[in-house]
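First the structure, in the form of structure tokens, and then the observations on it.
The values are calculated or read from the model by the stated rules, or taken from the named source; none is laboratory data. Note that the structure is a prediction, hence the values are computed from the model and not measured. Please note: Cβ atoms are built from the backbone with ideal geometry, for glycine as well, and neighbour counts cover all protein chains shown.
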Amino acid sequence: MDLSEVLGISAAILGTLGGGAGIIFGMSNWLGKVWANRLMEKEKAQYSKELESIKSSLLKDSESYKIKLKKSEFIFEKQYEASSELVALVRQFLPPLLHQEMDWHEACDEIAHNFKSIIASLENFLSKHGAILDETPKQLLSNAIGLASHHQFDISGAEVPDTANSAANDIYNKLISAEKYLTKQVLNQTST
């Protein structure tokens, strides 16, 4: 066989293989595109599903936050009302200045003479606002009611015994402590 025959056979073999390789290459290219498109659609559907899940979760969180915010606003409003009313009550319990030299001892005597109205006012306050109050102001107010209830019977005339005067001082201090606690609670909420 001479060189030209070998080259002819080689060209024929390469032509046959080349044509088949071209067909195989074309088929694998088409098949690769089909698989890539399928994988892309599958990934796209999965990401779309995850995105919908995230949107749904965010919507639920948003609704939950709105409900919590409304509850917080309601509680703040009730605490503000309770605090304001207690401030007014404490001011109401302070006796007027009866003369220029009036001292705290005399003021406590006047407070002691009003134990019955103080008890009624504080009982009314607790029945109205007790559900919104923390334990600290409830305890202070209950203690003030207890002191006034116990010592109201110490007073039988114009004279106020030292025990009732001392109780009046303690009651007033408990009321001021409760007032400060409630006012601080309201003011702390306004700063957040």
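The set of residues from the stretch 46-95 being of a type in the set (D, E, K, R) and closer than 21 Å to Tyr172 by Cα comprises Glu81, Glu85, Arg91. Using the structure shown, decide if Ser28 is modelled with pLDDT under 85, part of a helix (DSSP H, G or I) and exposed (fewer than 10 other Cβ atoms within 10 Å of the Cβ). No, not satisfied.
Scanning the stretch 65-116 for residues that are of a type in the set (D, E, K, R), more than 25 Å from Thr163 (Cβ to Cβ) and over 28 Å from the mean Cα position of the chain (by Cα) yields one hit, Arg91.
Determine which member of the set Ile111, Ile145, Ile119, Ile75 is in a helix (DSSP H, G or I), at pLDDT below 90 and out of contact with any strand residue (DSSP E or B) (no Cβ under 7 Å at 6 or more places or on another chain).
Selected residue: Ile75, the only one of Ile111, Ile145, Ile119, Ile75 that is in a helix (DSSP H, G or I), at pLDDT below 90 and out of contact with any strand residue (DSSP E or B) (no Cβ under 7 Å at 6 or more places or on another chain).
The residues on offer are Lys174, Lys184, and the sole one that is part of a helix (DSSP H, G or I), modelled with pLDDT of 95 or more and of a type in the set (Lys, Arg) is Lys174. Being in a helix (DSSP H, G or I), of a type in the set (Val, Ile, Thr) and at pLDDT below 85 is a property that holds for Val34. Return yes when Ile111 is within 25 Å of Ala82 (Cα to Cα) and touching a Pro at 6+ places or on another chain (Cβ under 9 Å) and no when it is not. So Ile111 fits the description; yes. Just the residues that are of a type in the set (Asp, Glu) and in contact with a His (Cβ under 9 Å, 6 or more places away or on another chain), please, taken from the stretch 50-104. Within the stretch 50-104, Glu81, Glu85 meet the criteria. When the residues of the stretch 103-142 are filtered to those that are polar (S, T, N, Q) and over 29 Å from Phe76 (Cβ atoms), the one that is surrounded by the fewest Cβ atoms within 10 Å (Cβ to Cβ) is Ser117.
Residues of the stretch 77-113 that are closer than 17 Å to Leu126 by Cα and either in contact (Cβ under 8 Å) with a residue 60 or more places away in the chain or aliphatic (A, V, I, L, M) (or both): Gln79, Tyr80, Ala82, Ser83, Leu86, Val87, Ala88, Leu89, Val90, Phe93. Residue-level analysis places Leu133 among those that are under 39 Å from the mean Cα position of the chain (by Cα), at pLDDT 90 or above, hydrophobic (A, V, I, L, M, F, W, C) and not in a helix (DSSP H, G or I). Checking the stated criteria, Ala158 turns out not to satisfy the condition of being surrounded by 14 or more Cβ atoms within 10 Å (Cβ to Cβ) and either outside any helix (DSSP H, G or I) or touching a Cys at 6+ places or on another chain (Cβ under 9 Å) (or both).
Checked against the criteria, Asp154 counts as more than 27 Å from Phe76 (Cα to Cα) and in contact with a helix residue (DSSP H, G or I) (Cβ under 6 Å, 6 or more places away or on another chain).
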